[in-house]
Structures are given as structure tokens and as C-alpha cells.
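Below you'll find the structure, written out as C-alpha cells, and then a few comments.
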Amino acid sequence: MAFLSLKDIAVAYHQKNYILQGLNLDIEKGELVSLLGPSGCGKTTTLRVVAGFIDPQEGNFILDGEDMTKVPVHKRNFGLVFQSYALFPHLTVKENIAFGLKMRKMDKAQMEEKINEVVEVCDLKGLTDRLPKQLSGGQRQRVALARALVIEPKLLLLDEPLSNLDAKLRIQMRVEIKRLQKKLGITTIFVTHDQEECFSISDKVAVMNNGVIEQYDTPENIYSRPKTEFVARFIGFENFFDLTKVEEHQYKNQNGDIVKVDNDDDLQTCKGTIRPDDIEIVTSADKYENLISGEVTVRTFLGKSYQYEVDTSIGKLVVSSSSEEVYKQGDSIQMYLPANKIVLV
Amino acid sequence: MRKHKGLMIISILVFAFLFIPLIIIAVTAFGSEATITFPIHGFSLQWFVNVFESESFMSSLLLSGEIALLATLLALLVGVPAAYALARYSVVGKKLLKSFFLSPTIIPGIVVGYALYQYLVLSLGFPVFESLLLGHFLVVLPYVIRIVGSSLDQFDFAIEEAALSLGCQKGQAFFKVVLPNITSGISAAFMLSFINSFNNIPVSMFLTGPGVTTLPTTLMNYIEYNYDPTVSAVSVLLMLATIVIMFIVEKTLGISALAK
């Protein structure tokens with residue numbers, strides 16, 4: 001059995017508006033798992049169920065073989081980092097970090113030792129006598145992390161911890177979090193709406209939508225093999241077209257043309273999808289399969305490439321092209337959809 | 001900023017309208033004649049001496065202070081938890097509760113005073129002091145709930161949750177991390193409540209009895225029979241006290257916090 005396991009969790013407000021419904025999630029010891037999804041998908045609610053701030057109407061939360069569903073927050077011993085960091089404004093950095101240890105009635109010498117250790121790890125030397133308002137965003141973030149880690153929690157729960165930082169610092173901090181997490185081997189749940197952040201940091205990703213997990217897999221698999229249309233759209237697939245199976249690896253589109261697909265998921269009717277970057281614009285007829293022609297309707301300059309919206313017989317396709325050749329509105333172009341880039345959902 | 005002449009003239013007129021009576025009162029307190037006259041013809045501090053030597057002024061001053069202090073503390077005891085609950089939880093009928101707590105500011109004080117007099121003192125035979133205390137408590141409670149409430153509205157409750165996750169129980173968390181961060185709101189509420197209770201007339205007017213008369217009531221009674229500058233002297237002293245208190249509020253929290 002998994003180290004952490006959420007079983008059939010349901011959360012509803014006023015007994016009827018379900019935020020989570022039949023949610024299941026297993027996390028192995030030492031893993032960093034992200035909950036990814038748009039706002040309102042239930043990712044923060046899931047985290048708050050694990051933290052103990054929300055009592056689920058149904059279901060159980062098992063940790064290390066122990067049913068934690070009814071254990072109050074203050075007895076769970078989980079480290080939390082909030083989006084706003086939630087440092088205690090009236091206490092110094094050192095007092096913030098010591099807070100959890102004081103609650104555990106740890107003796108002075110041992111406490112001092114633990115604090116020094118975590119101050120070292122989180123790179124907070126020289127800042128311990130400051131108040132939170134005298135710190136920069138990144139420093140506050142590290143104090144919040146130190147405060148959560150010093151109690152040696154069974155779980156580390158991070159609720160959008162990087163979203164208040166500027167872009168450069170965000171990348172730096174996520175590497176830092178990953179490094180700390182691996183070093184301490186602490187099982188971690190990370191809530192985010194930023195897919196790049198999520199992919200870079202996680203061992204596994206749970207993509208959530210409308211209170212359920214749509215797909216739970218490694219970042220690589222989610223990126224290249226989304227299982228549902230929602231997941232595909234969320235991670236950057238833009239072109240969807242109806243397909244019907246003809247035989248193994250061969251599908252028919254709505255015009256009756258054959259589309260070859262490498263990743264055959266054994267679906268009879270489904271949608272094929274492909275990223276704008278993966279469609280190639282071809283000029284000479286050196287490819288003979290998965291070709292489609294259309295007329296350029298909108299051209300947008302993206303810096304390193306142009307993006308075209310193309311009207312075709314199977315609907316609008318979005319194509320990114322960094323080739324020398326630039327097309328304008330009204331041009332007819334041929335596009336090649338590589339069979340190994342088409343995903344079925 | 002662009003200066004607007006017309007606006008400036010109107011502002012000056014309004015301020016003059018507000019302040020000139022106060023200035024006149026303050027000046028008359030130092031007059032040497034036995035009636036309130038303006039302008040004064042001689043300088044004297046005898047009316048201030050009069051205030052401090054008057055048995056009724058001094059005892060009612062003490063009573064007013066006592067009532068204001070007790071009513072304010074009582075209101076804090078009830079109002080802080082109420083404001084906390086209103087800010088923290090989605091209570092059913094939250095809006096209704098909020099307006100209920102604020103209703104004493106909507107109902108005229110004179111009605112509150114009369115109602116308390118009628119039911120507590122006359123019908124139930126409640127002692128006057130306790131009734132007076134209750135009346136003042138009702139008058140100041142809305143101030144406490146509003147001011148502490150606005151302090152709590154700016155409080156990030158994730159801080160409380162962080163304390164819980166670090167091993168605090170709910171009650172403990174309130175005292176360890178919530179209370180220390182709303183102290184400015186609480187002290188503002190304390191001072192404003194105190195001033196309000198201390199200056200209150202409508203409620204106190206009804207709830208008065210032998211040995212239980214607040215300073216403003218004593219002042220009013222005094223004016224009915226005497227027209228000497230003692231009253232002006234008391235007014236100057238009260239204004240001074242209020243200015244000092246407001247100054248402290250401004251320094252700790254900012255006057256703007258009271259306007260919310």
C-alpha cells in the first residue's frame with residue numbers, strides 16, 4: 001500500500017455543491033507530487049483536506065498505514081507553506097522558526113541546534129533577528145520553508161509557494177525546493193497552476209479538473225501522452241479533430257482521409273490532437289501521408305516563430321513555424337502531421 | 001495638486017463654523033467675570049480651581065471614568081470574540097448579525113436610555129449603577145466590533161492556520177498569533193469606546209440617581225442653575241483629554257482606521 005493514500009474523498013459545501021468527488025490519490029514515500037489545474041479545480045481543497053483544515057464528507061486519508069481523516073490539524077505534524085507565506089509578523093525570523101519547536105516543548109539546547117541546522121540549510125544566516133517585513137519575497141519564502149521543515153514533518157505541503165515571486169526568483173526557488181526535498185527525502189505535495197513549474201519539480205503530476213483527477217502520471221508522460229482532452233488542452237495542445245478507427249494505427253478523419261497514428265490507444269472513435277509546434281509546413285511533396293491543406297487566416301509573430309491559424313477541411317488548425325518562409329493571410333499551405341506526434345484522447 | 005479657490009473658501013468657512021464656538025468656549029474659561037462673556041475682560045484661573053474643588057464635579061468625573069473603563073473592558077470582552085467570529089467564519093445570516101451588532105448606533109441613544117430606565121430600573125428594580133454600565137456597554141459595543149473587525153479584515157488567516165499546523169490548538173493560536181497582530185485595532189477601539197462612553201449624555205441622562213451621576217449630566221444640571229465659566233473650564237479639560245487620546249490613536253493606528 002502506498003505511503004499516502006486518499007480514498008474516495010468527497011467535499012461539498014452546503015451538502016450539495018461538490019468541490020471534490022470520489023477523489024483517489026496514492027503517493028509513495030519520498031515523492032514530490034504536484035496537483036496541477038486551473039483555479040477552482042479543487043487542488044487547494046485537496047491540499048487542505050490533507051492538511052486537516054477541511055473535513056471531507058466522505059472518504060479516508062491514510063498515511064503510513066494510519067487513518068488520519070479525523071486527526072486534528074495540530075496533531076498531524078505536517079509542514080505547511082502558504083502562498084502568502086503566513087509568517088508571524090510580530091515575531092523575528094528565529095522566533096518564527098522556533099514556534100513549532102516551542103509548541104513541542106523541546107529543551108533550549110536541542111532547539112538551538114535544530115534552528116541552526118535549518119538556518120544553515122535554508123541559507124538564512126544573518127537574517128535571524130529580522131522581522132518578516134524586513135525581508136524580501138525570496139527570503140520570506142525560505143523562512144516559511146525553514147519553519148515548516150524544522151518540525152521534521154511527515155509531509156510537506158506547499159500551496160502555490162512560488163506565485164508571489166518574480167520570474168527569475170521563481171526558477172531559482174523551485175530548484176532550491178527540489179534540492180531540499182530530495183536531500184531530506186520528505187514526501188511532498190505541491191499545488192500549482194503553472195505547468196512549467198510543475199513539470200520541472202515533480203516526480204509525478206496529478207492534473208485536476210472539476211474536483212477529479214483527470215490524469216496522474218510522470219511529467220514526461222503527461223507532456224507527451226495526455227489522456228483526456230482537458231489535460232491535452234491544459235498543457236498546450238491546440239488542434240483537435242475527430243477520428244474513427246479503421247485498423248491498427250490507421251484512423252479516418254471526417255473527410256474519410258486516412259490519418260496514421262503511432263500511439264494507438266485502441267479507441268474506436270476519438271479525437272486526435274497535436275501541438276502547434278509539431279505540425280510541419282511542407283512545400284515540396286516529399287511526404288505522402290497525413291497531409292492536409294488549408295488557407296492562412298491569421299498570422300501572429302511570437303518572436304522566435306510565427307503562429308498561423310489555418311482553415312482546413314477538418315476545422316481550424318494552429319501551426320507554429322520558425323522556417324524562413326513567411327506566409328501571409330490568404331496563402332494556401334500544405335501541412336504535415338507527423339504520425340508520432342498525434343495523440344489520441 | 002491643483003488649487004481650487006472656491007473650494008478653499010468653503011473649507012475655511014466650514015472649519016470656522018466648527019471651531020469658532022470651541023475657541024470661544026476655551027477663551028471664556030479664562031475670563032475673570034462671574035458670567036460667561038466674550039471677549040473676556042481679565043485673566044483668571046479661578047474657574048479651573050473651582051472645578052477641582054467642586055465635590056459634585058470631582059465625584060462625577062470619577063464615576064464617568066469608572067463607567068467608561070468598565071463599559072469599554074466589557075465591550076472588548078464581548079466584542080473581540082464577536083468580531084473574530086464574524087471575520088473568520090461564514091456564519092449564517094452574517095449581514096444580519098453585523099447590522100444587529102451595529103444597531104445601537106442607529107437607534108437614538110435617548111431611546112436606549114429611556115428603554116433601559118423603563119425596564120431595568122423601574123420594572124425590574126435594577127440598581128442604577130449597573131443599569132448605567134449596561135447602557136454604556138451597549139453604546140460602545142458597536143465601536144469595538146467595527147474597529148476590531150476592520151483590523152481582522154486585514155489579518156491573513158493563513159497565519160492562524162500556520163500556527164495550527166505547527167502544533168497550536170485553536171484557542172492557543174488565537175492568543176499567540178491573532179491577538180498580537182490586532183493590538184493596534186484593539187487599542188483604538190479601547191480609546192474610542194472610552195471617549196464615547198465618557199462623553200455620553202442621552203443614555204446617562206435617564207440612568208442617574210443619588211451618587212450616580214456622570215460628568216456630562218452634572219455639567220448639564222450645573223448649566224441650568226449657574227452661568228459661570230466653570231462649565232467652560234470643564235469643557236477645556238475634556239477637550240484636552242480628548243485631543244490627547246486622539247493624538248495617541250493617530251500615532252498608533254492612524255485616524256483613518258476609525259473612519260472605516
Neighbour net charge for B:Trp47 - beta-carbon separation under 14 angstrom, K R +1, D E -1: -3
Where trypsin sites (Lys or Arg not before Pro) fall in DSSP loop in region B:1-60, at most 14 other Cβ within 10 Å: B:Arg2, B:Lys3
Mean separation of Cα contacts under 8 Å (6+ apart) over length of region A:17-101, as relative contact order %: 18 percent
Local electrostatic count, A:Gly236, Cβ distance below 12 Å [Lys/Arg +1, Asp/Glu -1]: -2
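Per residue and in cubic angstrom, what volume does the convex hull of the Cα atoms of chain A have?
175 Å³
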Expected 222 nm ellipticity per residue - DSSP helices of 4 or more, -39500 (n - 2.57), all of chain A, to 500: -7500 deg cm²/dmol
Cα gyration tensor shape for region A:1-156, rounded if a/c is under 1.5, else prolate or oblate: prolate
Range of Cα positions in region B:1-44 per principal axis (Å), largest first: 49, 13, 11
For chain A, built as a Gaussian network whose Cα springs stay under 10 Å, the top-fluctuating residue of A:Lys168, A:Lys43, A:Lys204: A:Lys168
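What percent antiparallel are the DSSP beta bridges of region A:4-229, to the nearest 5? Walk me through the numbers before you get to the answer.
Numbers: 19 of 36 bridges.
Rounded to the nearest five, the antiparallel share is 55 percent.
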Region A:51-106: relative contact order as a whole-number percent, Cα under 8 Å and 6+ apart: 26 percent
Centroid-to-centroid separation of region B:39-105 and region A:111-185 [C-alpha atoms, Å]: 46 Å
Table column - 3J(HN,Hα) (Hz), region A:245-253, Karplus curve with 6.51, -1.76, 1.60, x for Gly and Pro: 6, 10, 8, 3, 6, 10, 10, 10, 8
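Which of the peptides A:79-85, A:148-154 is most tightly packed, and how do the rest follow, judged by the mean count of other Cβ atoms within 10 Å per residue? Before the final figure, lay out each step's value.
On the way: A:79-85: 22.9, A:148-154: 21.3.
Highest mean packing first, the order is A:79-85, A:148-154.
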Kirkwood hydrodynamic radius of chain B, Cα pairs, Å: 20.9 Å
Charge sum, other residues only, whose C-beta stays under 12 Å from A:Lys182's C-beta, Lys/Arg counted +1 and Asp/Glu -1: 0
Candidates B:Ala189, B:Ala115, B:Ala83, ranked by Gaussian network fluctuation over chain B, Cα under 10 Å, top entry: B:Ala115
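Calculate, in whole percent, how much of the Cα-Cα pair population of the protein assembly as shown lies beyond 45 Å. Display every interim value, and only then the final one.
On the way: 84106 of 182710 pairs.
Looking at the protein assembly as shown, the distances longer than 45 Å represent 46 percent of pairs.
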For region B:9-25 and region A:229-305, distance of Cα centres in Å: 79 Å
Phi-based couplings in Hz for region A:21-36 (Karplus 6.51, -1.76, 1.60; Gly and Pro marked x): 9, x, 8, 10, 7, 10, 10, 7, 4, x, 7, 10, 10, 9, 9, 10
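Which helices, taking whole DSSP H runs in chain B, have alpha carbons extending 20 angstrom or more along the helix axis plus mean Kyte-Doolittle at least -1.0? Mind showing how you got there, number by number?
Details: long enough: B:5-28 (33 Å, 2.57); B:55-88 (48 Å, 1.44); B:128-153 (37 Å, 1.45); B:183-199 (24 Å, 0.91); B:230-252 (33 Å, 1.96).
Result, helices passing both filters: B:5-28, B:55-88, B:128-153, B:183-199, B:230-252.
Check each of the GluC sites (Glu not before Pro) in region B:1-72 and keep only those in coil by DSSP with at most 13 other C-beta atoms within 10 angstrom; list them in order. Numbers along the way, then the final one.
Details: sites: B:Glu33, B:Glu53, B:Glu55, B:Glu66; in loops: B:Glu33.
Filter output for region B:1-72: B:Glu33.
Only the coordinates and a few stated rules stand behind these numbers; no lab work does. Just so it is clear, the structure is predicted and the values come from calculations on it, not from any experiment. As a convention, Cβ positions derive from the backbone with ideal geometry for all residues, glycine included, and neighbour counts pool all protein chains shown.
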